[in-house]
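The values are calculated or read from the model by the stated rules, or taken from the named source; none is laboratory data. Values in this document were obtained by computation on a predicted structure and should not be read as measured data. Cβ placement follows ideal geometry from the backbone for every residue including glycine, while neighbour counts extend to all protein chains displayed. Calculation scope for accessible area: heavy atoms of the full protein, side chains included, ligands and nucleic acids excluded. Shrake-Rupley method; radii C 1.70, N 1.55, O 1.52, S 1.80 Å.
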Amino acid sequence: SSSCAGAHPRSELARLVAVTLLQESLELKNPQTPFPFGAITRYNCSLCFPGFRPAFPRDRFPCKGLPLQAPLQSLGANFHLFFPQVERDFEREYGKLQQLEDQTKKLQKDMKKSTDADLAMSKSAVKISSDLLSNPLCEQEPAFLEMVTAFDTAMKRMDSFNQEKVNQIQKTVIEPLKKFSSVFPSLNMAVKRREQTLQDYKRLQSKVEKYEEKERTGPVLAKLHQAREELRPVKEDFEAKNKQLLEEMPKFYSSRIDYFKPSFESLVRAQVVYYTEMHKIFGDLTAQIDRPGLSDEQRERENDAKLSELRALSIVADD
């Protein structure tokens, strides 16, 4: 190569023309194979390196034997080949995380509704038992007062255990759900930054392709080189962002099981403790107020008989 080094034009434009034409020659041989950038440091023309056979006529090779720096890798064909698969992979992984975000928010909302309803139920039961205690019937009937007092005690115990259950669920289930949901805004912001870089990538790639389609004049080749230089850092930035997200999104999605498993175990334990206590409370209450040997059907017949006696009174008789 040293034998022809002095025969080359020294202008930057001539060098860019030579680089671009050599690059196109390599791509025409195999457009789907990216140029092995970094694998070699220079190419010689066929005058100095017989093993090299450019795809264009020798008289279009301006260097006449100049040792050329490795050309910039063309992005056109490769971009359109790899990009749809990249987007499919990204959309698949991000779609799972979007679904996870929606499900987490829904579960958090449903758990809050459930605990609110539990508290409302036990508070209502306590209100009913308190109202019965203040009823004049209890003052006049000791047996009835004893039964209502036992009922009021049971409802207050139920409300106490219910409050403990709700506090446990709030601490071990709802709060972790809330904290997990707080991670998604940062994830979505990273995806948004990737999308912004992707739009810049597409814009600059279109600019490169526009110059590639034009007639190969010196000024056009110089602009093509400049466009590729502008594209290179944006391409690298996009690929870095895309690679990081594609590596970390599946890890984030897989982590949900280890994160939520303790919460759901705690939810089950809280429910088991609560309903075990309820079984004891209402078992004790039944023993205090129930008349042994009397079935529900017998109680119903007794109530119907008493109601018939009331209806037989003249003040409630039909006209």
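Computed from the alpha carbon atoms alone, the convex hull of region 145-282 holds 113 Å³ per residue. Stretching the chain fully between residue 203 and residue 106 yields a gain of 31.1 nm (0.36 nm per residue, less the alpha carbon separation). Quick check on my link table: of 113/306; 178/243; 109/251, which ones sit more than 32 Å apart, alpha carbon to alpha carbon? From the list (113/306; 178/243; 109/251), the Cα-Cα distance tops 32 Å for 113/306.
In the assembled protein chains, residue 275 presents an accessible area of approximately 130 Å² (probe radius 1.4 Å). Counting only Cβ charges, +1 for Lys and Arg and -1 for Asp and Glu, the dipole size of region 162-319 around its Cα centre is about 1480 debye. Of the residues 285, 313, 197, the one whose Cα sits farthest towards the positive end of the charge dipole of region 169-319 is 197 (charges of +1 on Lys and Arg Cβ, -1 on Asp and Glu Cβ, taken about the Cα centre). Note on residue 210: lysines with a C-alpha under 24 Å away, same-chain residues under 8 apart excluded, are 29, 202, 223, 235.
Take region 129-221 with all the other protein chains still there, run a 1.4 Å probe, and you get 57 Å² of accessible area per residue. Of interest is the spacing of the C-alpha centroids, which for region 198-277 and region 151-169 amounts to 49 Å. Accessible surface for residue 178 stands near 120 Å², nearest 10, in the context of the full protein assembly shown (1.4 Å probe). Note on residue 182: accessible area is roughly 70 Å² with a 1.4 Å probe, heavy atoms of protein only.
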